[in-house]
Amino acid sequence: MDVLFNSINVRDLLSSPNIEDVNSPLSAPDLRLLIDRLQLRSVDIKSQVRQYILSHFSDFSTLFSQCFDFVWKSEYLSSQLSDLIQLISDHPIEAQTRTVIDEIVVKNRELKEKRELLGLLSVILELSDKLRFVKEEIKVGRIEQAAEALRELKEVLVTSNDEERQPFVYGLLKDEWTQCFEEMQEVVLQCMDNAVWFDQENNKVHLKYQLSIRSVDGIELQTILKVMDAVGIMDYGLAKLADLMIKHVIVPVVSFGSTILVEWINQESENGVETNLKILPSADPNVDSIDGGSMYSVLVDVVKFISKSLCFENSTWMLCFGKLTWPRMSDLIVSNFLSQNVPDDASKLADFQKIVKCTSNFETSLKELMFIASSDGKDERLSKFVDNVEVHFASRKKVEILAQARNQLLQSDFCLPEDGTRRNSKVKDDDNAESSPDLAVDLLFTSERCVASEAASRLMKLVHGTLKDVCLSSPRMGLDFYHAARDSLLLYEAIIPVKFERQLDSINHSAVLIHNDCHYLSQEILGLAFEYRSDFPASMKELVVFADLAPRFQMLAEEVLQRQIKLVIYNLKQAIDGADGFQNTHQMKQYESAKLSIDQVIFILEKVYIIWHHLLLPSAYKRSMSMVLETVFARIANDILLLDDIAAEETLQLQRLIHLLFENLSYLLDSVLSINQTGKLQEFPAQTLHDLIPSLRKLRKLADLLDMPLKSVTAVWESGELVNHGLKQSEVEDFIRAIFADSPLRKECLRKLESTSY
């Protein structure tokens, strides 16, 4: 059969198998030859296949028989499978199986839950038995065993974090445990009350070691403490005792210092062994321990008594008792002893070192007795206080300085002595000038002197004294003193304007003194740095600044002065308004009204002169008075120039009023002018009155114009004299129209005024 599986090569069937071009077409003879040979080859193959089959007939017969068997079995299995599927479809056995399995799972879960419930029930019964045991033990007085059982139950019932998932019965058990715990607390507190009590009449602390609980005798005090420690109520059990110890022992010791002695007595009594702490007055009550050594010694004895007799030298119990008493004890020592001995003078700080040493030794002794923790720096309250004594001294001194400054300012009344209103010397070297030695002060950066209030003088004296202390102090203290000096100065700014608000709203000497004070303080402040900076501690030289305060006082001084000037000007304008614009002064009633107005102006200016001339700085007086006079003269001149019809007799009355004003104010003008003549340091040429008060020459010239003929008025205008005196062309024209009747001459004069320009 190999011929069937081998390929036939067509080239072998051709007559010429070696054909060079495989793509060239075959000829007809070749094709017929090829067909014939293929037919012969096919017949040969068929013959071979037939022979092969015949020779292997038995094999092929067996093969076909097996195939038939396989096909029949397949059909049989298919029939059986169809019957099985139909049987299953008619009877759902898998559903029944699933139901059985679910029932098995439920039964197993119920069995597990019942086992867990049985376990929980056994635990609950066990806990309930323990709680019953605790109650019984407490009743019979065996509190040590009850405390241990309570501690074990606490871990199960109280300290569990998974409270939400706990069964309800656990809550009931927890409540029952709480009742047992409270009952234990009550029993323990009763024992502590019986163990320690205070005899105030004999000044004794009694401590009994043998106790009885509910008819059970012989219970040791140490057992009670162990119970409190086991149950976790040591703080609660010792709190009342600690409070009474502070009240009846510590407070007397700290309050009376070295006049307290401690007598430690052990004695037998009917109730067993007792220990007494007896507080006795010192044999010499006049003995005073400056460094606190006696007081600290007594306190150490008290702590030793607590350690040995009450806490049985147990470090945990001692720390607990110390935690309850040490904060209050240290506060008492600080408030009653240490703070009282803080030096009030920088030179005494060295003596305070003895107290520092005794205080440090005292805390060391307490650490050795385990009254305070050696590793906790927070318990070193006394050492921290004494180590910062400079800060406490500076803080105390600062409070005293500010209190002193505040009291001085609040008590100030700005009253002047009888000679306090006399003119002080205008120049520091003017020996002939009168002065009030109590009020006159020199200004550092000017050649003038001024009258300052006693409050300002005392304030600066206090500031200078404080800054001298800065030069002698450490940088830490000096910085507090520096702030005290600054704050003292700022107190003036905060207190005085408020205290004298009513005086600032009126014309009086107090407002002028406040102005002088602010000017004086600003000058002194500018000089502080130059005076003390070189002696300040090196680290403070760049921090100390006073120059920023000087402008504040300069502004306040100017604000007060301008406020006074505005009040004066307002009153003067009110007085001038009474003249009704100086109209119809040829009528007697109107003239009297105008004269009264001028008299009021003179009166106001005299009052202002009395205050200002005697108190203000010469330069401030000249500037302020010039401003006021300028306002008065300008207002009167403008009112007269605004008159549209002036009778001949009226001109004389107006002229008389102006002369009356000048005659009564001549001393004012002289006072302003005299300041230029007395000053020794003049950088610029002296100013004339006309420079200081421009309206003065205008009003004077106006008085001259009132009785001048028309031609003279025209001539004066053409000469330019009126312009030099501050009169404008429109004002002169209106003045001519008001005085002179309409005429060719008036028209000619007005034409000349219009044609002349300056």
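The values are calculated or read from the model by the stated rules, or taken from the named source; none is laboratory data. This is a predicted model, so every value here is computed, not measured. When we count neighbours, we look across all protein chains shown, and the Cβ atoms used for this are built from the backbone with ideal geometry, even at glycine. For accessibility, only protein heavy atoms count, side chains too; no ligands or nucleic acids. Shrake-Rupley method; radii C 1.70, N 1.55, O 1.52, S 1.80 Å.
As a summary of the residue check, residue 362 satisfies the conditions (1) open to solvent by less than 10 Å² (accessible area, probe 1.4 Å); (2) out of contact with any Phe, Trp or Tyr (no Cβ under 6 Å at 6 or more places or on another chain) except for the one numbered (2).
In the range 715-737, the residues that are in contact (Cβ under 8 Å) with a residue 24 or more places away in the chain form no Cβ pair under 7 Å with any partner that is open to solvent by less than 10 Å² (accessible area, probe 1.4 Å) and among the basic types (Lys, Arg), whether six or more places apart or across chains. Scanning the range 715-758 for residues that are assigned to a helix (DSSP H, G or I), open to solvent by 40 Å² or more (accessible area, probe 1.4 Å) and of a type in the set (D, E, K, R) yields 718, 721, 734, 737, 747, 748, 751, 752, 754. Residues in the range 611-667 that are basic (Lys, Arg) and within 11 Å of residue 585 (Cα to Cα): 656 alone. Quick check on residue 110: is it of a type in the set (D, E, K, R) and modelled with pLDDT of 75 or more? Yes, satisfied. Per the listing 329, 295, the residue uniquely within 31 Å of the chain's Cα centre (by Cα), of a type outside the set (Val, Ile, Thr), surrounded by 21 or more Cβ atoms within 10 Å (Cβ to Cβ) and part of a helix (DSSP H, G or I) is 329.
Exactly one residue out of 514, 525, 507 is out of contact with any Lys or Arg (no Cβ under 6 Å at 6 or more places or on another chain) and either part of a loop (DSSP other than H, G, I, E, B) or at pLDDT below 90 (or both): that is 507.
Scanning the range 515-557 for residues that are of a type in the set (Phe, Trp, Tyr) and loosely packed, with under 14 Cβ neighbours inside 10 Å turns up just one, 530.
Condition first: more than 30 Å from residue 557 (Cβ to Cβ) and either touching a residue at least 60 places away in the same chain (Cβ under 8 Å) or among the polar types (S, T, N, Q) (or both). Can you find one or more residues in the range 674-684 that meet it? There is no residue in the range 674-684 that is more than 30 Å from residue 557 (Cβ to Cβ) and either touching a residue at least 60 places away in the same chain (Cβ under 8 Å) or among the polar types (S, T, N, Q) (or both). Against the condition part of a loop (DSSP other than H, G, I, E, B) and either open to solvent by less than 20 Å² (accessible area, probe 1.4 Å) or under 30 Å from residue 475 (Cβ atoms) (or both), how does residue 560 come out, does it pass? No, not satisfied.
Consider the range 178-211 and keep the residues that are polar (S, T, N, Q) and free of Cβ contacts under 8 Å to residues at least 60 places away in the same chain. The one that is least open to solvent (accessible area, probe 1.4 Å) is 185.
With respect to the conditions (1) of a type outside the set (Phe, Trp, Tyr); (2) assigned to a helix (DSSP H, G or I); (3) surrounded by fewer than 20 Cβ atoms within 10 Å (Cβ to Cβ), residue 629 falls short on a single one, namely (3). Of all residues assigned to the range 210-228, none qualifies as being part of a helix (DSSP H, G or I) and of a type in the set (Gly, Ala, Ser).
Among the residues of the range 492-514, which ones are open to solvent by less than 20 Å² (accessible area, probe 1.4 Å) and closer than 20 Å to residue 625 by Cβ? Hits for the range 492-514 are 504, 510, 511, 512, 513, 514. Residues that are surrounded by 18 or more Cβ atoms within 10 Å (Cβ to Cβ) and among the hydroxyl-bearing types (Ser, Thr, Tyr): does the range 643-653 have at least one? Yes: one or more hits. Taking the conditions exactly as written (under 30 Å from residue 250 (Cβ atoms), at pLDDT 80 or above and out of contact with any His (no Cβ under 8 Å at 6 or more places or on another chain)), does residue 219 satisfy them or not? In short, no.
Please determine whether any residue of the range 483-491 is open to solvent by 20 Å² or more (accessible area, probe 1.4 Å), over 19 Å from residue 413 (Cβ atoms) and hydrophobic (A, V, I, L, M, F, W, C). Yes: one or more hits.
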